[in-house]
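Notes to accompany the following structure.
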Amino acid sequence: MEQKHNTELDATDLKLLDALQNDASLSNLALAALAHISPPTCLRRVKRLRDAGLIERQIALLNPDKLAHITGHGLTAIVEITLDRQGDEHLSAFEQRMRVDAAVQQCYRTSPGPDFVLVVHVADMPAHLALSQRLFTGDANVRNVKAFFSIKRSKFEPKVLLRQ
């Protein structure tokens, strides 16, 4: 649920957001100490930041290399998609299909160049073929698909840069 609020942020709010995106498991006491505020103030501020939609959700980042012996390494691809028709309804329909497919981890509308860049993760090459047929080949509006396969993830840092 996307909420739009005109929220003024001060240096303390930015400290809280930065600390939470580094470690969302921090207790309220630890977070308050990092931001140099009282625990009740910390609770109120974090609730306000959540209510404003600035904190979308809190998740655990798993280590794929350490889980590989259980799950397999899988296959990650960066995929460029160019649509035949770029009207807003076509772009929105494509985005909606990407949102509901679990293999699509990230979806970006881009310009110039391809219309979309995706990051997808599947078990193996046959699963990638199935994904391509399901999401791209079956869509008459997809004109071009170009996939780049990751051989090593050197960095993964899902942070929003904050001015402080």
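The fraction of all Cα pairs in the range 64-149 landing in successive 10 Å bins from 0 to the largest distance is 17, 52, 23, 8, 1, given as whole percents. Helix-only arithmetic for the chain: the sum of -39500 (n - 2.57) across DSSP H runs with n ≥ 4, divided by the residue total, places the mean residue ellipticity at 222 nm at -11000 deg cm²/dmol. For the pair the range 98-132 and the range 16-43, the centres of their Cα atoms are 35 angstrom apart.
Of all stretches in the chain that contain no GluC sites (Glu not before Pro) in a DSSP loop with at most 13 other Cβ atoms within 10 Å, the longest one is 57-164. The share of Cα pairs per 5 Å bin across the chain, counted from zero up to the longest distance, runs 1, 7, 14, 15, 13, 12, 13, 11, 8, 4, 1, 0 percent.
Stretching the chain fully between Asp84 and Leu129 yields a gain of 14.1 nm (0.36 nm per residue, less the alpha carbon separation).
Fully extending the segment from Ser150 to Ala68 would add 28.0 nm, taking 0.36 nm per residue of separation and subtracting the current Cα-Cα distance.
Only Lys, Arg, Asp and Glu carry charge here, each on its Cβ (+1 for the first two, -1 for the last two); on that basis the chain has a dipole of about 340 debye about its Cα centre.
Fully extending the segment from Glu95 to Leu161, taken as 0.36 nm per residue of separation minus the present Cα-Cα distance, adds 21.3 nm.
Every read-out reported here was derived from the displayed coordinates using simple, explicitly stated rules and does not represent laboratory data. Since the model is a prediction, treat every value here as computed from it, not as a measurement. Don't worry about glycine lacking a Cβ; one is built from the backbone with ideal geometry, like all the others, and counts go over all protein chains shown.
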